[in-house]
1. Please go through (1) modelled with pLDDT of 95 or more; (2) out of contact with any strand residue (DSSP E or B) (no Cβ under 7 Å at 6 or more places or on another chain); (3) under 30 Å from residue 67 (Cβ atoms) for residue 177 and return the number of the only condition it doesn't satisfy.
2. Go through segment 85-102 residue by residue and tally those that are assigned to a helix (DSSP H, G or I), buried (at least 17 other Cβ atoms within 10 Å of the Cβ) and either over 21 Å from the mean Cα position of the chain (by Cα) or in contact (Cβ under 8 Å) with a residue 40 or more places away in the chain (or both).
3. So if I check each of 231, 235, which one is at pLDDT below 95 and assigned to a helix (DSSP H, G or I)?
4. Test residue 209 against the criterion of being part of a strand (DSSP E or B) and surrounded by 17 or more Cβ atoms within 10 Å (Cβ to Cβ), and give yes or no.
5. Checking residue 79 against (1) touching a strand residue (DSSP E or B) at 6+ places or on another chain (Cβ under 7 Å); (2) surrounded by fewer than 18 Cβ atoms within 10 Å (Cβ to Cβ); (3) in contact (Cβ under 8 Å) with a residue 24 or more places away in the chain, which test does it fail?
6. Residues in segment 41-62: is at least one within 30 Å of residue 154 (Cα to Cα), part of a loop (DSSP other than H, G, I, E, B) and at pLDDT 75 or above?
7. Exactly one of these conditions fails for residue 200: (1) over 19 Å from residue 98 (Cβ atoms); (2) modelled with pLDDT of 95 or more. Give me its number.
């Protein structure tokens with residue numbers, strides 16, 4: 001009888017050990033499966049993030065190329081050729097907002113035409129481009145913002161004076177005629193998810209350009225006061241400072 005009890009006890013002990021081993025095995029297997037599921041989830045998220053980054057990089061490269069081509073195409077001004085008009089229609093939305101006021105492609109074309117027709121020659125070069133994104137449209141689609149800096153070199157003639165500075169004193173007008181106006185430009189392009197520009201804001205630093213030509217703040221103040229050129233709020237503030 002004692003032997004049978006010992007045998008039964010050992011059998012029970014073995015079953016308990018076996019059960020404990022099975023519990024530990026199931027626990028280790030569950031932990032391994034949980035780690036695997038977590039690793040798969042992390043990998044999936046990393047893959048999704050990588051795909052998003054690659055897609056964003058591809059789109060941003062397209063935005064940058066579009067702006068570079070824009071400045072390259074208009075590097076000598078605007079001639080209303082089929083190529084120029086076609087690219088404007090390709091790059092800009094039909095309802096693009098221009099400088100916060102005008103809408104449509106025609107005001108952009110007219111702005112280019114004004115500068116081209118006013119100066120004897122015009123040279124435009126894009127110096128720097130920065131692409132970033134901090135906007136979402138109404139459908140929560142990401143919009144890219146391109147900040148472009150460019151420089152222009154424009155030959156001033158009497159036509160320039162009569163068009164842009166019609167009431168400028170002759171003494172100052174004569175100093176400007178025949179000179180090149182080096183005008184720094186800044187343009188902000190906002191692209192929608194269809195790679196079209198829906199907003200364009202441009203500004204030029206006329207005060208700096210004139211000071212480099214005339215070397216006198218008083219003379220710059222006089223010219224700016226008689227200018228018909230569009231001035232940004234910052235330049236209007238500079239003009240008011242010069243007039244003090």
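1. Here residue 177 clears every test but (3).
2. Number satisfying all stated conditions: 1.
3. Selected residue: 235, the only one of 231, 235 that is at pLDDT below 95 and assigned to a helix (DSSP H, G or I).
4. no
5. Exception for residue 79: condition (1).
6. no
7. Evaluating residue 200 over (1) over 19 Å from residue 98 (Cβ atoms); (2) modelled with pLDDT of 95 or more leaves (1) as the failure.
Residues checked against (1) touching a helix residue (DSSP H, G or I) at 6+ places or on another chain (Cβ under 9 Å); (2) surrounded by fewer than 15 Cβ atoms within 10 Å (Cβ to Cβ):
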{"residue": "155", "(1), (2)": "no, no"}
{"residue": "161", "(1), (2)": "yes, no"}
{"residue": "165", "(1), (2)": "yes, no"}
{"residue": "178", "(1), (2)": "no, yes"}
{"residue": "181", "(1), (2)": "yes, no"}
{"residue": "187", "(1), (2)": "yes, no"}
{"residue": "190", "(1), (2)": "no, no"}
{"residue": "194", "(1), (2)": "no, yes"}
{"residue": "198", "(1), (2)": "no, no"}
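The values are calculated or read from the model by the stated rules, or taken from the named source; none is laboratory data. These numbers come from a predicted model, not from an experiment. Methodologically, a virtual Cβ is constructed for each residue, glycine included, from the backbone with ideal geometry; neighbour enumeration extends over all protein chains shown.
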